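Read the figures in this text as sums done on the coordinates, not as results from a lab. The structure displayed is predicted, hence computed values, not measured ones. Here Cβ is always computed from backbone atoms with ideal geometry, including for glycine, and neighbour counts include all displayed protein chains.
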Amino acid sequence: MTEPGPTAGADDGPAADPRGWPLPRTVSVGDLGPLADPISEHNGQAVAVTPLENHPGWLAKFYRPDQHPEDADRLDLLISAPDTLPAADRALLHSGTCWPVARIHETGNPAVGCVIPMAPEQYRAELRRGGFGERRFVEIDWLAKSDESILGVGLPPPGFAGRLAACRQLTELAAVLEGLGLVYSDWSFSNAFWSPDQSSVYLIDVDGCRPEKMSDLHQPNWADPLTPPGTDADVYTDRYRLGLLVAKCLTGRRDAHAFHTVAASPWPNQPAVSEVLLDMLFAADRERRPSAAQLGRALDSGPYLRTAPRPPRTELPPLPPPPVTIPQPRTAAPVPTPSPPPRSDLRAGWILVLALAVIVLFVMAANH
């Protein structure tokens, strides 16, 4: 991982893309050949995401027509960005993201879309619910649930080691983006896949990254309290959302319990993780939030070296109230039903009745 700007550690000349894209970095729609049926439509900034029949494993992502005029230059910057990275960071970007490899153009529109790789098969798994199974990409959302919930849908539970490995890779990717001076802003449950078998993550929608700042789109439950509505997202917004995602995935909780678990410092082998996450999430000054690289070092059991005293923090949100248990009404004890008398008692009663009847008849006959 590098902290400097885009040219730090750059190798000489463009590096070959190990994923094997065979065409140039700028292609026309006609260059792509026949398109298969879309696998996604009208999702975010994309009109459609379509497999390329002549190039298995590659997708054409077509944008809505209301994109910014500078998008062609921005896409070209993203496509060439891996060339500026050291080999290890470049390999991480290629293996852990759907980084764009070509800009698609047509007459009158220099940025119709881009070509991206399809996510590897290791990020698909069969999820079983209610007796039915469905093979699909596993969103990182599942890491923000308990091991019991994950096991309940047929996935292997990650345990702390698996959660830690996934959060390390997520943080390493964030550090590469931050080192490139790019803002992602889309850190959330729906923009990364998780491989339970490999304990790895895969970041999607990275073609939306922008240098330095970008419009801060509203995301329920992911709003940065120190980025006012209507202002741009920047590196400090990214740091907050990354910390939020890591805190939830590392603890397996998605509410205020995640923050209180972090504050309790439950990880003796990663003693600095709690402090870094708390500063990312609750520093009262957004510019005092630790970087992704600092969080990465803490997740690797390294120290947290502040350049200044600990920043003032806002308070942790209160825990949600425990679920209310409604007592069940007590039912009255059933009235016992008397058991019928024994058959011998019935027989004795009939003999007595017959005897009395005989006596009455005898008395009546005597009187006549």
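Residue-wise, which Karplus ³J(HN,Hα) couplings in Hz belong to segment 241-254, taking 6.51 cos²θ - 1.76 cosθ + 1.60, θ = phi - 60°, and x for glycine or proline?
After applying 6.51 cos²θ - 1.76 cosθ + 1.60, I find 5, 4, x, 5, 5, 5, 4, 6, 6, 6, 8, x, 10, 10 Hz.
Taking the alpha-carbon distance from Lys248 and a cut-off under 22 Å, which lysines remain once sequence neighbours fewer than 8 residues away in the same chain are dropped?
Reachable lysines: Lys145.
Could you run the Karplus curve 6.51 cos²θ - 1.76 cosθ + 1.60 with θ = phi - 60° over segment 180-194 and give me ³J(HN,Hα) per residue in whole Hz, x for Gly and Pro?
7, x, 9, 9, 9, 6, 8, 4, 6, 5, 8, 10, 8, 9, 10
So, in Å, what gap is there between the alpha-carbon centers of segment 77-121 and segment 167-240?
First find each Cα centre; the distance between them is then 17 Å.
With θ taken as phi - 60° and the coefficients 6.51, -1.76 and 1.60, list the Karplus ³J(HN,Hα) couplings across segment 270-282 in order, rounded to whole Hz; mark glycine and proline as x.
Per residue, the Karplus-derived 3J(HN,Hα) values read 10, x, 8, 4, 4, 5, 5, 4, 5, 5, 5, 8, 10 Hz.
Would you mind putting 95-105, 114-124 in packing order, based on average other-beta-carbon counts within 10 Å, highest first?
Numbers: 95-105: 21.7, 114-124: 18.0.
Packing order, densest peptide first, comes out as 95-105, 114-124.
Assuming a viscosity of 0.890 mPa s and a temperature of 25 °C, what translational diffusion coefficient in µm² per second does Stokes-Einstein assign to segment 271-324, Rh being the Kirkwood radius over Cα pairs?
Taking Rh from Cα pairs, D becomes 202 µm²/s.
Multiply the residue separation of Phe160 and Glu134 by 0.36 nm, subtract the distance between their alpha-carbon atoms, and state the gained length in nm to one decimal.
6.7 nm is the gain from fully extending Phe160 to Glu134.
So who's got an amide H within less than 5 Å of the one on Val112, skipping anything under 5 residues away but keeping other chains? H placed 1.01 Å off N, in plane.
Hits under the 5 Å cutoff: Ile104, His105, Glu106.
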